[in-house]
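The values are calculated or read from the model by the stated rules, or taken from the named source; none is laboratory data. Since the model is a prediction, treat every value here as computed from it, not as a measurement. Virtual Cβ from ideal backbone geometry, glycine too; neighbours counted across all protein chains shown. Just so you know, the surface numbers come from the protein's heavy atoms only, side chains and all, with ligands and any DNA or RNA stripped out. Shrake-Rupley method; radii C 1.70, N 1.55, O 1.52, S 1.80 Å.
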Amino acid sequence: MTEPLVVLKDVNKHFGDLHVLRDIDLEIGKGEVVVVIGPSGSGKSTLCRAINRLETIESGTITIDGKPLPQEGKELAQLRADVGMVFQSFNLFAHKTILDNVTLGPIKVRKEKKAAAEKRAMELLERVGVQQQAQKYPAQLSGGQQQRVAIARSLAMNPKVMLFDEPTSALDPEMINEVLDVMVGLARDGMTMVVVTHEMGFARKAANRVVFMADGQIVEQDTPEEFFTNAKSERAKDFLGKILTH
Ligand SMILES: Nc1ncnc2c1ncn2[C@@H]1O[C@H](COP(=O)(O)OP(=O)(O)OP(=O)(O)O)[C@@H](O)[C@H]1O
Ligand SMILES: [Mg+2]
């Protein structure tokens, strides 16, 4: 593996009595694309949210580029900018134009000049194929277009790593590929990515590694090839049996 960018060591987290992350050890190399899969409730979203500190952890350490996650304040805002996150729901600001949605972070957090932020935003909107929609409002776009804007908005902060939590699961089928194509492009361009998805096509095409979680633990991890054709654990075989027959 290349130099590690995101490192989790012995991470634990409870919600009340529920042990949602159990002794998680995970290293993600620079430029690596890791797909996280596993049954509902296995802790995939909590793992992502812990990496950009939307959730606190109780024990263990998480470092990004060698630095531990900051607790609060300016450093935390900086971390959030370094770790882009795209959720199932698009979370765009409804009362702002597409262009303003993308320039807001760079202007407010990165202190970029408006003109420079807009120039870069237009390049990113073009990259995700929605430059024609720049002056529209989110509600005027399709779900697939909105999700591509959400990706552009994260990229505008020049993140070191991008986290995707089921970015296509709220989309109509015909819009899934337009979003996955953008993500495959990002992966090919060398972005470090953690992607929670059940889209096996994406995993096969773009992932370096598949991490399978169950009950808050990493049960097994392997290349997509090996994992999909030759899973070792009963949990993973059972899970694959369920999703691959759909
Ligand atoms: N804020 C919370 N408070 C209490 N319990 C929570 C909270 N967030 C998640 N949980 C519980 O923690 C467990 C792990 O949740 P998580 O959302 O990480 O799972 P997941 O693998 O992302 O599932 P899914 O595939 O359904 O999205 C679940 O049992 C969930 O109900
Ligand atoms: Mg989830």
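Could you state the per residue volume, in Å³, of the convex hull enclosing the Cα atoms of the stretch 5-72? Present the calculation step by step, with values, prior to reporting the outcome.
On the way: hull volume 5.9 nm³, N = 68.
Output value, Cα hull per residue: 86 Å³.
So what is the accessible area of the chain per residue, in Å², with the probe set to 1.4 Å? Write out the running numbers ahead of the final one.
On the way: 11750 Å² over 246 residues.
Normalised by residue count, the accessible surface of the chain is 48 Å².
Could you pull out the pairs from Lys74/Lys160; Lys108/Lys205; Lys44/Lys113; Lys44/Lys96 whose alpha carbons sit more than 25 Å apart here? Write out the running numbers ahead of the final one.
Values: Lys74/Lys160 17 Å; Lys108/Lys205 36 Å; Lys44/Lys113 37 Å; Lys44/Lys96 31 Å.
Violating the 25 Å limit, Cα to Cα: Lys108/Lys205; Lys44/Lys113; Lys44/Lys96.
Considering only Ala121, Asn91, Thr223, whose Cα is most displaced toward the positive end of the charge dipole of the chain, charges sitting on Cβ of Lys, Arg (+1) and Asp, Glu (-1)?
Result: Ala121.
What does the convex hull of the Cα atoms of the stretch 4-244 come to per residue, in Å³, rounded to a whole number? Before the final figure, lay out each step's value.
Details: hull volume 30.4 nm³, N = 241.
For the stretch 4-244, the hull spanned by Cα atoms encloses 126 Å³ per residue.
Roughly to the nearest percent, how much of the accessible area of the chain is carbon and sulfur, given a 1.4 Å probe?
Numbers: 5740 of 11750 Å².
Roughly 49 percent, rounded to a whole number.
Which whole number in µm²/s is D for the stretch 106-183 by Stokes-Einstein, with the Kirkwood Rh taken over Cα pairs at 10 °C and 1.306 mPa s? Working shown, then result.
On the way: Rh = 13.2 Å.
Reported coefficient: 121 µm²/s.
Using a Gaussian network model of the chain with C-alpha springs under 10 Å, which one of Ser154, Ser45, Ser59 is most mobile by mean-square fluctuation?
Maximum among the listed residues: Ser59.
Identify the GluC sites (Glu not before Pro) of the stretch 44-108 meeting these criteria: DSSP loop state and at most 15 other C-beta atoms within 10 Å of the C-beta.
Passing both the DSSP loop test and the Cβ count: Glu58, Glu72.
Considering only DSSP beta bridges whose two residues both sit in the stretch 4-244, what percent are antiparallel, to the nearest 5? Intermediate values should be presented prior to the final figure.
On the way: 20 of 37 bridges.
In the stretch 4-244, DSSP labels about 55 percent of beta bridges as antiparallel.
If you average the sequence gap of Cα pairs under 8 Å that are 6 or more apart and divide by the length of the stretch 4-244, what percent do you get for the contact order? Could you put the intermediate results ahead of the total?
Working: 434 pairs, mean separation 64.1, N = 241.
In percent, rounded to a whole number, it is 27.
When only DSSP loop residues count, what trypsin sites (Lys or Arg not before Pro) in the stretch 1-106 have their Cβ near at most 16 other Cβ atoms within 10 Å?
Those satisfying the criteria are Lys30, Lys96.
Near the amide H of Ala214, under 5 Å away, which other amide H atoms are found, from residues 5 or more places off or on another chain, if H is placed in the peptide plane?
Answer set, sorted by chain and number: Val219.
If the elastic network links every pair of Cα atoms under 10 Å, which of Ala170, Ala203, Ala94 fluctuates the most in the Gaussian network model of the chain?
Result for the chain, Cα springs under 10 Å: Ala94 fluctuates most.
Which length gain, in nm to one decimal place, applies between Asp82 and Lys114 when the Cα-Cα distance is subtracted from 0.36 nm times their residue separation? Don't skip to the end; give the middle numbers.
Values: separation 32, 0.36 × 32 = 11.52 nm, distance 2.01 nm.
Full extension of this stretch gives 9.5 nm more.
Heads up, I need the accessible area for Leu79: 1.4 angstrom probe, whole protein in place, Å², nearest 10.
Surface accessible to solvent at Leu79 totals approximately 10 Å².
Starting from the Cα-Cα distance between Phe15 and Glu226, subtract it from 0.36 nm times their residue separation and give me the gain in nm to one decimal. Don't jump to the answer; show the numbers that get you there.
Working: separation 211, 0.36 × 211 = 75.96 nm, distance 3.32 nm.
Stretched fully, the Phe15-Glu226 segment lengthens by 72.6 nm.
Tell me what the chain gives for mean residue ellipticity at 222 nm when only DSSP H runs of n ≥ 4 count, each as -39,500 (n - 2.57), the sum divided by the residue total, rounded to 500 deg cm²/dmol. Please report the intermediate quantities before stating the final value.
Values: 9 runs with 97 residues, N = 246.
Dividing the helical sum by the residues of the chain leaves -12000 deg cm²/dmol.
GNM on the chain, C-alpha springs below 10 Å: top fluctuator among Gly84, Gly31, Gly16?
Gly16
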